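The values are calculated or read from the model by the stated rules, or taken from the named source; none is laboratory data. Only a predicted model underlies this, so the values are computations on that prediction, with no experimental measurement involved. As a convention, Cβ positions derive from the backbone with ideal geometry for all residues, glycine included, and neighbour counts pool all protein chains shown. The area values use the complete protein model at the heavy-atom level, side chains included, leaving out ligands, DNA and RNA. Shrake-Rupley method; radii C 1.70, N 1.55, O 1.52, S 1.80 Å.
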Amino acid sequence: MKKSVSPRQLGLAIGVSEASVKRWCNKGLLETTRTAGGHRRIPVQNAIAFLKDQNHPLVQPEILGLPPITGAKVTSLERLIPLVRDALIKGDEECLTRLIMDPFIHGFKALDICDRVMAEAFHDLGDRWKCGEIEVFEERRGCEIARKVLFQLFDALPPPKADAPLAIGGTLTGDHYEIPMAMISITLRELGLQTMALGTDLSGKTLGKAIKKLQPDLFWLSISHIENRKSLIEDYNKLFQVAESNNVPIALGGRALTDKLHHQLHHTVFCENLEHLANFVRTTILRSRK
Ligand code: B12
């Protein structure tokens, strides 16, 4: 995806005149920046936000740096699941970009695309891997392209305000699952938060140090794989103590968190999906800022 375009380029991309684009800029409907020479530029994130808002078609997505066929109308997210799964298995990055960016541009929330399409496609992929229907390399290659496309989706979201709340998080030792982490960052950014994913496979000790140093408004932890239950509980409890003494809420989630385990881990909120996290953030962290 490109960083910014001129009013003429945006006009061509969405099939309207340069004059119309300039009018929208003057009315403040499209946020612009200026080049050193004083020419107007429109950050692509702002252009996409405008298209979503106005439900405006995109006729030449290539001009914004998106794949050629992006822009097709999407009416149901669920119908995309098998298509996304197949693109993941084939390692078809261009097709995956189109399948993820189309619904986003057409008004679907990024978090719903993650929860209801991408995560479901991965669950299906995992079942196929378990049955020996797909090779390990196909699963890994799928993860690689998914990460890239999720970064594009993240980049397409408007940047947060300088005083927006900060959310940080990651995964604990032995947990290498990156896709949930990318999706959590997208969800929080879509809500307007500043986000910082610290990475995977981190000890509770270092995550605790991050809390102390960065003083976030929210800490999230994704638990998708547990190597040793006892040491996970011990490691996590240290982290929780730091969070508690710094008054930082902890949001927990992840497929490895069984009912029994999540009752053993102190936390502020337990989320089964990204929508739960978004509801929590809206009703607590963002509400207290109003
Ligand atoms: C990709 C993958 C991997 C990759 C991950 C690569 C990477 N770079 O991320 C790698 C290669 C690491 C891997 C390894 C293994 N895997 Co694996 N893997 C998968 C697969 C196919 C997809 C995982 C994924 O990213 N899903 C997409 C995410 C987004 O979905 P999700 O985890 O459900 O997350 C959603 C919610 O839970 C929630 N959520 C998650 N975390 C959080 C956190 C917060 C705060 C919130 C709010 C929400 C939230 O939001 C998400 C969106 O809705 C799954 C299949 C599956 N069912 O998911 C198998 C799967 C999880 N793996 C499995 C296995 C067995 C393994 C290995 C043990 C294999 C082995 N023998 O080595 C290892 C262990 C790895 C380890 N030490 O961490 C099994 C687990 C079975 C079980 N016992 O439960 C699965 C289910 C496959 C299967 N059907 O058998 N795997």
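Some observations on this one:
- Condition check for I145: in contact with an Asp or Glu (Cβ under 6 Å, 6 or more places away or on another chain), farther than 26 Å from N55 by Cβ and surrounded by 14 or more Cβ atoms within 10 Å (Cβ to Cβ): yes
- Residues that are surrounded by fewer than 20 Cβ atoms within 10 Å (Cβ to Cβ) and not polar (S, T, N, Q), drawn from segment 212-224: K212, K213, L214
- All positions within segment 128-143 that are near the ligand (Cβ under 8 Å from one of its atoms) and within 24 Å of the chain's Cα centre (by Cα): E139, R140, G142, C143
- First in segment 182-206 and surrounded by fewer than 19 Cβ atoms within 10 Å (Cβ to Cβ), second anywhere and among the β-branched types (V, I, T) and not in a helix (DSSP H, G or I), Cβ under 8 Å, 6 or more apart: M196/I168; L198/I168; G199/T171; D201/T171; D201/T173; S203/T173
- Residues satisfying the criterion are absent from segment 274-285 (criterion: within 20 Å of A119 (Cβ to Cβ), at pLDDT below 90 and not aromatic (F, W, Y)).
- Boolean, E227 is among the acidic types (D, E), within 10 Å of the ligand (Cβ to nearest atom), open to solvent by 50 Å² or more (accessible area, probe 1.4 Å) and within 24 Å of R116 (Cα to Cα): no
- Considering (1) touching a residue at least 40 places away in the same chain (Cβ under 8 Å); (2) under 26 Å from G126 (Cβ atoms); (3) open to solvent by 50 Å² or more (accessible area, probe 1.4 Å); (4) more than 10 Å from the ligand (Cβ to nearest atom), the lone condition that D259 does not fulfil carries the number (1).
- Test: residue in segment 215-234 that is charged (D, E, K, R) and modelled with pLDDT of 95 or more: yes
- Checked against the criteria, L172 counts as at pLDDT 95 or above, open to solvent by less than 30 Å² (accessible area, probe 1.4 Å), hydrophobic (A, V, I, L, M, F, W, C) and more than 8 Å from the ligand (Cβ to nearest atom).
- Residues being of a type in the set (G, A, S) and under 20 Å from E272 (Cβ atoms) - total across segment 119-174: 6
- Wholly within segment 1-118, helices (runs of 4 or more DSSP H) carrying at least 1 residues that are open to solvent by 50 Å² or more (accessible area, probe 1.4 Å): 7-14, 18-26, 44-54, 81-90, 93-105
- One residue from N279, N247 being free of Cβ contacts under 8 Å to residues at least 60 places away in the same chain, surrounded by fewer than 14 Cβ atoms within 10 Å (Cβ to Cβ), over 22 Å from G126 (Cβ atoms) and within 14 Å of the ligand (Cβ to nearest atom): N279
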